[in-house]
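Nothing in this text is a laboratory measurement; each read-out follows from the coordinates by a stated rule. Just so it is clear, the model here is predicted, and its values are computed rather than measured. Glycine gets a Cβ as well: all are built from the backbone with ideal geometry, and neighbour counts include every protein chain shown.
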Amino acid sequence: MQTKKLSKKQLFLLASLIFGMFFGAGNLIFPVQLGQLAGKNWLPATAGFLLTGTVVPFLAMLAVSITRSKSIYDLARPVTPWFAAIIVLAIHLTLGPLGATPRTAATAFAMGFAPLVPASSQNLVMLIFSAIFFILAYFFTVKESNLTKWIGKYLNPIFIVLLLVVFLLALLLPMGGLNQTVSSAYASHPTFTGVLDGYNTMDGLALLGFAVSVIYATQKLGFSEAQTPKVLAQAGTISILFEAFIYIALVLLGVSSLSKFAPAANGGVAFSQIITHYAGNFGIILTAIIVTLAVFTTAMGLGASFAQDLNRLFPKIPYHAWLLITFGSSFITANAGLTNIMKWSVPVLMLVYPYALTLIILALLNPWIQKSPLVYRTAMIFITPSAFLDALASTPFAGETHITFMAKFYHAWIPLAQEGLGWIIPAIIGLIIGFILMKLTQKSAQAA
């Protein structure tokens, strides 16, 4: 069978699709805030941020490629099918209607359109705006093959051009130097603080969620199942490298802005101030366009991946029905209870993220562990206490006496637990024990 050759046009189209899906408003504003807080310590802080903000998503891409997985379900299946199903549901519900998807519309409105609307009309306009937002998202993704065209070919390139115009203005008309005041958070250990900031973007989790859509898009371009991992790795590399460039530019933008502005309450306010500085009153409209494009492509990717993965898990319910479910419930969440639901989506993320990252590590070690259920299960068992304690410490009940006592004990005795990374050492121990047990089992089988 003749293999299809990957053209440069297809490579950059897929890279644009990947970038457009997971680069949302958070990715736009977190680096700006980091720049303002890190000041002259921006370089070590950025290095740390890039480690977890770009390397982890890249490893997630490699994990999918190495194991030839079609979705998160395939990545987690070596543990057990029921565990894989739970992981798929937990990740997609959190990235989907219970968190990230409704937040796309809420962020676009808050950053781009709320400043233009009287306070008395905010709720009504938000209702209309979010309805249009999710109806358009459904319209653009109801046909699965449209995702590549709309995100990769049209919307993401427009977003990138507008962002590059901002960077060009900042380069030609800099706001100030880079020797700026450092906040207390970045004064002593800027690299480690940057690592935690990159970790908190949770892009590795998002990229696992988007895997099913990217793989579908790759195969719709005519590439075989055998070719897909290599094509995915190549496109992912370009996407991640470009993301790193954008991150560095945004950090520098944040640092230099300290010559004109005091550190803002958040990166969204800082980004808006910077745009307005260069574009005047038109800057409000430009901010609205840039932010809306950033979150709209992410909403499309989240919706499509949710529908595709859930359709694989429950095939009797068609793709377009799942799409209606996620965008419809996201519309309700965005208008009726986003704040309260976000209080619970954070604990779920803290619970799921250790499992997802451990699955990425196991996938990368696949040449040696060969998807051994014994290794997978042992690693999952060892990280479970840490994952649940991290989640418990993030719940609205975290202040209660018995939870506080458990959290204090956990933070005191488990390395990195206080930073929300307490799962790392247990994962390593579980992996080593699982590997030893695998080898012993193999030797016993050979001896018999």
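Give me the number: length gained by fully extending T181 to A447, i.e. 0.36 nm times residue separation minus the C-alpha to C-alpha distance, one decimal in nm. List each step's numbers first, then the result.
Values: separation 266, 0.36 × 266 = 95.76 nm, distance 6.65 nm.
Full-extension gain reported as 89.1 nm.
Quote the charge dipole size of the chain about the Cα centre in Debye, to the nearest 20; the model charges only the Cβ of Lys and Arg (+1) and of Asp and Glu (-1). Present the calculation step by step, with values, prior to reporting the outcome.
On the way: 23 positive and 10 negative charges, 234 e Å.
Value, rounded to 20: 1120 debye.
Between F139 and V161, what FRET efficiency comes out of the Förster formula 1/(1 + (r/R0)^6) with R0 = 22 Å and r the beta carbon distance, rounded to 0.05?
Details: r = 23 Å, r/R0 = 1.07.
Given R0 = 22 Å and the Cβ-Cβ separation, E is 0.40.
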**OP:** Subtract the Cα-Cα distance of I332 and K40 from 0.36 nm times their separation in residues, and report this length gain in nm to one decimal.
**Re:** 100.8 nm
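Explain nothing, just the number: dipole magnitude of the range 290-448 about its Cα centre with +1 on each Lys and Arg Cβ and -1 on each Asp and Glu Cβ, in debye rounded to the nearest 20.
Details: 8 positive and 4 negative charges, 100 e Å.
That gives a dipole near 480 debye.
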Subject >> Relative contact order (%) - criterion: Cα under 8 Å, at least six apart; region: the range 230-351 >> reply: 10 percent
**OP:** Straight distance only, please: which lysines reach the Cα of K316 with their own Cα at less than 21 Å, same-chain residues fewer than 8 apart left out?
**Re:** K70, K143
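Looking only at trypsin sites (Lys or Arg not before Pro) in DSSP loops with at most 10 other Cβ atoms within 10 Å, what is the longest site-free stretch of the chain? Intermediate results must be reported in sequence, preceding the final value.
Values: sites that count: K5, K316.
Here the longest segment lacking exposed loop sites spans 6-315.
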Original post:
What list of ³J(HN,Hα) values in whole Hz, one per residue of the range 216-233 in order, does the Karplus curve 6.51 cos²θ - 1.76 cosθ + 1.60 (θ = phi - 60°) give from phi, with Gly and Pro shown as x?
Top reply: 4, 4, 4, 6, 5, 7, x, 8, 6, 4, 5, 7, 3, x, 5, 4, 4, 5
Subject >> Value of relative contact order over the chain, rounded to a whole percent, pairs C-alpha under 8 Å and six or more apart >> reply: 30 percent
Original post:
How would you rank S7, S259, going from fewest to most other Cβ atoms within 10 Å of each one's own Cβ?
Top reply: S7, S259
Original post:
Where does helix 373-393 land angle-wise versus the long Cα axis of the chain, in degrees 0 to 90, nearest 10?
Top reply: 40 degrees
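Quickly estimate the mean residue ellipticity at 222 nm for the chain, helices only: each DSSP H run with n ≥ 4 gives -39500 (n - 2.57), and the total goes over all residues, rounded to 500.
Values: 20 runs with 326 residues, N = 448.
Calculated at 222 nm, the ellipticity per residue is -24000 deg cm²/dmol.
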Original post:
Can you sort E419, E144, E243 by how many other beta carbons sit within 10 Å, fewest first?
Top reply: E419, E144, E243
**OP:** Can you tell me the FRET efficiency between L169 and L51 if r is taken as the Cβ-Cβ distance and R0 is 35 Å, rounded to the nearest 0.05?
**Re:** 0.75
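Please get the size of the charge dipole for the range 365-448, origin at its Cα centre, with Cβ charges of +1 on Lys and Arg and -1 on Asp and Glu, quoted in debye to the nearest 20. The partial results should precede the final answer.
On the way: 5 positive and 3 negative charges, 95 e Å.
Charge dipole of the range 365-448: 460 debye, to the nearest 20.
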Original post:
By the scheme Lys and Arg +1, Asp and Glu -1, what is the net charge of all other residues having a beta-carbon under 12 Å from that of I87?
Top reply: -1
Original post:
Can you tell which of L286, L302, L362 lies farthest toward the positive end of the dipole of the range 234-386, using +1 and -1 charges on the Cβ of basic and acidic side chains (Lys, Arg; Asp, Glu)?
Top reply: L362
Original post:
Just going by the charge dipole of the chain, with Lys and Arg at +1 and Asp and Glu at -1 on Cβ, which of V375, L205, G35 is farthest out on the positive end?
Top reply: V375
Subject >> Separation of the N200 and F245 label points, Cα + 7 Å toward Cβ, nm >> reply: 2.8 nm
Subject >> the chain: angle of helix 424-447 to the longest principal axis, Cα-based, in degrees nearest 10 >> reply: 30 degrees
Original post:
Each residue of the range 54-71 in order: what ³J(HN,Hα) in whole Hz does its phi give by Karplus 6.51 cos²θ - 1.76 cosθ + 1.60, θ = phi - 60°, with x for Gly and Pro?
Top reply: 10, 5, 4, x, 5, 5, 4, 5, 5, 4, 5, 5, 4, 8, 6, 7, 9, 6
Original post:
Between F261 and Q234, what FRET efficiency follows from the Cβ-Cβ distance if R0 is 35 Å, with the result rounded to 0.05?
Top reply: 0.30
